[in-house]
Amino acid sequence: MSGTAAPPDLDFLVVGSGPSGVHAARTLLDAGAKVRMIDVGVTRDERAPMPPDRSFLDLRRHDPDQYRYFLGEDFAGIPLGKLRAGSGLSTPRQFVTARVDELTPHDASPGAFSPVESLAAGGLGGAWGLGCFTLTPAELEQMGLPTDGIERGYQTVADRIGISATPDDGTPHFKRGIAGLQPGLDLDEPAEALLQAYARHRAALNRRGVHLGRTALALLSRDRDARRASAYHDMDFWSDHGGSAWRPARLLEELRRHPRFEYRDGQLALRFRGLAGAPVTLTCHNLRDGREEEHSARRLVLAAGALGTARIVLRSHGGEGRLPLLCNPYYYSLCLRPGLIGRELRDRRHSLGQLVLTHDPRRDGSRVTVASLLSYRSRLLFRLIQETPIAVPQARAILARLQSALTVAGIFHPDGPVNRVSGSLRGLSLVPDRHGPAGDRLHIDFSLTDGERAAVAASQRVVLGSLRRLGCWPVRTMDPGMGASIHYGGTLPYGADRGTEPGTGRLRGAAEVWLADGSPFRFVPAKGITLTLMAHADWVARQALGS
Amino acid sequence: MVPPQLEREAQLFTRYLVSRPVDPAIAARYAVACERHRLTGAGDPVLAACLRFPALIGFLDAGCALHRPQHPLRRKLFVLTAILETTPDHADRFLPRGFGAGGWLALAGAAAAAALKAAVGLWLLRRLERRA
């Protein structure tokens, strides 16, 4: 074992550089702490081609080399076979999940659970859809999070990343209480038409607990410092030219220029040890020389993602035991808008979620189902042709003509609270595996009870029915399998014996270890949780500083 | 150098998909993609029938779409479709467009052709499977 002597003044080790890790580190640095970030830090191959800074239609019609970045030079970006979690990642973003199977293997019953994890610099944030959702007090309470602390975190994070949003019917449900927002981004015509239809049916939909509003996005509508406003090139799925999209890798670059910050990549965190009042020692697998390496600091902040952090904690406890798991059931529905068939649409648009439809069956904000709505164009038609059970030339002829009228609804359902899910049907444990560098793999059990399935189906019926009422006809609903929502949590829940201390974010039984990712969430809401993950990381970092 | 079997597939499938002769660059990309995705289909009776009787490709494609969506024929057609879609010469076939009455007729024609091909294709596929 090779050792890395800790500088005597090293205050914090932060594991992971995703949305949680970079914001925890930023808060720690702002308070004067000295921070070392431990990360595998996979980056995009700089030799791999990236799309030029031009619009989608311009590239499609004129660039003879477009296949290199749309499909990959070896055509690995053509997803064949059954739909699965992560298969929607565009070719230039596939580095986000690189080396995961090799370094952090998992197994699950076939088809039962397929997680998407990242070991990349910037984590899964490198492929984030940029949707920013604030949660209601009822949701935060179910998650075990302090409303005041998280709302302060929302503001801190919004000030750091820049969010564009327009006040509307969605404000109380998913974008309340943040000041200093940029004006909302322009909508495309299908979204404008949907909002007009909503205005006509608003009263009836609201009575059913259904609301529609524009998505708040971490995509700039105005220039901000060195970052340019969105150019509406419809290339957001493929590239981040101009820096209008906020990604964790951007903040990581800023952190690396800070004199009290040190970034150690090529390190897979394995386990920690440390007694109360003593420094924490983190053992890592050095990917460059294959040896184990130790890092010590006064405190440790784990932000390796709910599954990554679960591995580290289980190993630190001798590999024994089983942890719970939460994950949103997720489906997506391809909807046809008959009123838009044959219409010529504007080229100027962004590719991200345009609108959000919420269904709040209890009217108290505690169990909201969410449909994120976006138009289908820049993801390339062959993916859709593949899902169409007719001959390819006819599928192309039909879908190309219907494309302007297609809307994709990504439907997320809440999961939890953790004490109500069946521990026998869900859980994580480590099993020996000599192939992985840690000598283990994560075994995942995950299935829903009949009652959970019924609740999901009931809410889904209301969401799809509401879309039909708005003239958006669901023609095919697809199930990419459990795990595809890419929102995981509840592995070390707040308040549980083997979990996290409420009000502090500290891991129980480990005096100097804090959890800054989704591991402690007792409930995973249907709304995208990335903004809340970042706000939570800011709050946990403040608790760790103040302890 | 594109292997002869893949060259022949690229020729036939390109003509089937976009009614044009294959460009050598497209055939080369098709060969690389087939190798990357390990799409051989060697000895498969459906693929053999397509190469021997190109007029059957449309029917067998339609039959597989319903009955065997992961068949090597379908996978090979998807790969070539993706390559054609990301080629400027063919891009407009895949992009959204406004249209009038003629477009509605084309839509109806495509739907009718899809149904007819599916019916014949299922029958053909079953016969081939029985003989194999």
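Taking the stretch A:392-419 on its own, how many of its residues are facing chain B (nearest Cβ under 8 Å) and β-branched (Val, Ile, Thr)?
The number of residues fulfilling the criteria is 2.
Restricting attention to the stretch A:471-486, and to residues there that are touching a Leu at 6+ places or on another chain (Cβ under 7 Å) and outside any loop (DSSP other than H, G, I, E, B), which single residue is surrounded by the most Cβ atoms within 10 Å (Cβ to Cβ)? Before you say what the answer is, go through the steps one by one.
Of the residues in the stretch A:471-486, the ones touching a Leu at 6+ places or on another chain (Cβ under 7 Å) are A:472-476, A:478, A:480, A:486.
Restricting the remaining residues to those that are outside any loop (DSSP other than H, G, I, E, B) gives A:473-476, A:478.
On the way: A:Trp473: 16, A:Pro474: 19, A:Val475: 10, A:Arg476: 13, A:Met478: 13.
In this case the residue turns out to be A:Pro474.
Out of the stretch B:86-126, which residues are among the acidic types (Asp, Glu) and over 14 Å from A:Arg401 (Cβ atoms)? Explain how you work it out, then say what you get.
Keep residues of the stretch B:86-126 that are among the acidic types (Asp, Glu), which gives B:89, B:92.
Answer for the stretch B:86-126, where residues must be among the acidic types (Asp, Glu) and over 14 Å from A:Arg401 (Cβ atoms): just B:Asp89.
Looking at the stretch B:49-61, is at least one residue in contact with a Cys (Cβ under 7 Å, 6 or more places away or on another chain), free of Cβ contacts under 8 Å to residues at least 24 places away in the same chain and more than 7 Å from every other protein chain (Cβ to nearest Cβ)?
Within the stretch B:49-61, the first condition is being in contact with a Cys (Cβ under 7 Å, 6 or more places away or on another chain), and the residues that meet it are B:56-57, B:60.
Restricting the remaining residues to those that are free of Cβ contacts under 8 Å to residues at least 24 places away in the same chain gives none.
No; the residues of the stretch B:49-61 include none that is in contact with a Cys (Cβ under 7 Å, 6 or more places away or on another chain), free of Cβ contacts under 8 Å to residues at least 24 places away in the same chain and more than 7 Å from every other protein chain (Cβ to nearest Cβ).
Answer yes or no: is there a residue in the stretch B:100-122 that is more than 7 Å from every other protein chain (Cβ to nearest Cβ) and under 27 Å from A:Ile78 (Cβ atoms).
Within the stretch B:100-122, one or more residues are more than 7 Å from every other protein chain (Cβ to nearest Cβ) and under 27 Å from A:Ile78 (Cβ atoms).
Please determine whether any residue of the stretch B:101-115 is assigned to a loop (DSSP other than H, G, I, E, B) and of a type in the set (A, V, I, L, M, F, W, C).
First, the residues of the stretch B:101-115 that are assigned to a loop (DSSP other than H, G, I, E, B): none.
Taking every residue of the stretch B:101-115 in turn, none turns out to be assigned to a loop (DSSP other than H, G, I, E, B) and of a type in the set (A, V, I, L, M, F, W, C).
Taking the stretch A:297-342 only, how many residues are within 21 Å of A:Arg441 (Cβ to Cβ) and part of a loop (DSSP other than H, G, I, E, B)? Can you show your working first?
First, the residues of the stretch A:297-342 that are within 21 Å of A:Arg441 (Cβ to Cβ): A:302, A:304-327.
Cutting the leftovers down to part of a loop (DSSP other than H, G, I, E, B) gives us A:304-305, A:317-322, A:324-325.
Number satisfying all stated conditions: 10.
Looking at (1) surrounded by 19 or more Cβ atoms within 10 Å (Cβ to Cβ); (2) over 30 Å from A:Leu219 (Cα atoms), which is the one condition that is false for A:Arg247?
Of (1) surrounded by 19 or more Cβ atoms within 10 Å (Cβ to Cβ); (2) over 30 Å from A:Leu219 (Cα atoms), only one is false for A:Arg247: (2).
Which residue pairs have Cβ atoms closer than 8 Å, lie 6 or more positions apart in sequence or on different chains, and pair a first residue in the stretch A:48-64 that is within 12 Å of another protein chain (Cβ to nearest Cβ) and without any contact (Cβ under 8 Å) to a residue 24 or more places away in the chain with a second residue that is assigned to a loop (DSSP other than H, G, I, E, B) and hydroxyl-bearing (Ser, Thr, Tyr)?
Close Cβ pairs (under 8 Å, with a partner that is assigned to a loop (DSSP other than H, G, I, E, B) and hydroxyl-bearing (Ser, Thr, Tyr)) amount to A:Arg60/B:Thr86; A:Pro64/B:Thr87.
Where residues in the stretch B:83-94 are without any contact (Cβ under 8 Å) to a residue 40 or more places away in the chain and in contact with a Phe, Trp or Tyr (Cβ under 9 Å, 6 or more places away or on another chain), which of them is farthest from A:Leu399 (Cα to Cα)? So that I can check it myself, show each step before the final result.
Taking the stretch B:83-94 first, the residues without any contact (Cβ under 8 Å) to a residue 40 or more places away in the chain are B:85-86, B:88, B:91-92, B:94.
Okay, now just the ones that are also in contact with a Phe, Trp or Tyr (Cβ under 9 Å, 6 or more places away or on another chain), so B:85-86, B:94.
On the way: B:Glu85: 13, B:Thr86: 16, B:Phe94: 8 Å.
Residue satisfying both the conditions and the ranking: B:Thr86.
Do we have B:Arg74 as among the basic types (Lys, Arg), in a helix (DSSP H, G or I), facing another protein chain (nearest Cβ under 10 Å) and touching a residue at least 60 places away in the same chain (Cβ under 8 Å) here?
Working: among the basic types (Lys, Arg): yes; in a helix (DSSP H, G or I): yes; facing another protein chain (nearest Cβ under 10 Å): yes; touching a residue at least 60 places away in the same chain (Cβ under 8 Å): no.
Judged against the criteria, B:Arg74 is not a match.
Is one or more of the residues making up the stretch A:230-241 more than 30 Å from A:Thr91 (Cβ to Cβ) and in contact (Cβ under 8 Å) with a residue 24 or more places away in the chain?
Restricting attention to the stretch A:230-241, the residues satisfying the condition of being more than 30 Å from A:Thr91 (Cβ to Cβ) are none.
No.
Would you call A:Arg227 modelled with pLDDT of 95 or more and surrounded by fewer than 23 Cβ atoms within 10 Å (Cβ to Cβ)? Full working, then the answer.
On the way: modelled with pLDDT of 95 or more: yes; surrounded by fewer than 23 Cβ atoms within 10 Å (Cβ to Cβ): yes.
Against the criterion (modelled with pLDDT of 95 or more and surrounded by fewer than 23 Cβ atoms within 10 Å (Cβ to Cβ)), A:Arg227 qualifies.
For A:Glu294, only one of the following conditions fails: (1) in a loop (DSSP other than H, G, I, E, B); (2) among the charged types (D, E, K, R); (3) under 30 Å from A:Val431 (Cβ atoms); (4) in contact (Cβ under 8 Å) with a residue 60 or more places away in the chain. What is its number?
(1)
Kindly indicate whether A:Phe113 is more than 14 Å from every other protein chain (Cβ to nearest Cβ) and part of a helix (DSSP H, G or I). Steps first, please.
Details: more than 14 Å from every other protein chain (Cβ to nearest Cβ): yes; part of a helix (DSSP H, G or I): no.
The answer is no for A:Phe113.
Does the stretch B:77-95 contain at least one residue that is surrounded by 23 or more Cβ atoms within 10 Å (Cβ to Cβ), more than 7 Å from chain A (Cβ to nearest Cβ) and aliphatic (A, V, I, L, M)?
Looking for residues that are surrounded by 23 or more Cβ atoms within 10 Å (Cβ to Cβ), more than 7 Å from chain A (Cβ to nearest Cβ) and aliphatic (A, V, I, L, M), one finds at least one in the stretch B:77-95, hence yes.
The values are calculated or read from the model by the stated rules, or taken from the named source; none is laboratory data. The structure presented is a predicted model; accordingly, all values stated were derived computationally and were not measured. Note that we place each Cβ from the backbone using ideal geometry, even for glycine, and neighbour counts take in every protein chain shown.
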